[in-house]
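**Student:** My structure is below; once you've seen it, I'll send some questions.
The values are calculated or read from the model by the stated rules, or taken from the named source; none is laboratory data. On a predicted model such as this, the values are computed, not experimentally measured, just so you know. No Cβ is skipped: glycine too gets one built from the backbone with ideal geometry, and neighbour counts run over all protein chains shown.
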Amino acid sequence: MKSIYLVGICILGFTLQNCSPEKKTDFFPDGTTIPAWFSEVAKIKLEDLGKQFNISELGAIDDSTVIQTTIIQKAIDDAHSQGGGVVVIPKGTFLSGALFFKPKNPFVWQ
C-alpha cells in the first residue's frame, strides 16, 4: 500500500513541477514564436492612452438581449474622427454584431 502512495506522490510531484506557472516557453503549442508583448503584465492607465469614448455615455446599456452594434460602432468612429483614443466597454454584457475598426485606434495591436 505504501508503494502505491509513493508512486502517486512522485507522479503528482512531476505533474506539479511541469505545470508550474514559473515555467516559461518561447513558443506557442503550434510552434510559432511568442512575441515579447504577450508576456508584459504591467497595468496600463487609460488616461495615458488618450481621450476615452465610453459606450455607456453614448447610450449602451448592460443588457444581453439588446443589440448595441450601432452605439459601439459610433464610439469607434468617433475615436477615429477625433484623432484616436480609447473605446471603453465597461463591465457588463453588450450584444453586438460585426464591428469595423479603423487604423490607428486602440484595438490595433503592435
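**Student:** Please work out which one of (1) at pLDDT below 85; (2) surrounded by 10 or more Cβ atoms within 10 Å (Cβ to Cβ) is the condition residue 3 fails and give its number.
**Tutor:** Of the numbered conditions (1) at pLDDT below 85; (2) surrounded by 10 or more Cβ atoms within 10 Å (Cβ to Cβ), the odd one out for residue 3 is (2).
**Student:** Please enumerate the residues belonging to region 35-60 that are surrounded by 14 or more Cβ atoms within 10 Å (Cβ to Cβ) and β-branched (Val, Ile, Thr).
**Tutor:** Once the filter is applied, which keeps residues that are surrounded by 14 or more Cβ atoms within 10 Å (Cβ to Cβ) and β-branched (Val, Ile, Thr), region 35-60 yields only 55.
**Student:** Quick check on my filter: what residues within region 8-38 are outside any helix (DSSP H, G or I) and at pLDDT 85 or above?
**Tutor:** Going through region 8-38, the residues outside any helix (DSSP H, G or I) turn out to be 19-35.
Within region 8-38, 26, 27, 28, 29, 30, 31, 32, 33, 34, 35 qualify.
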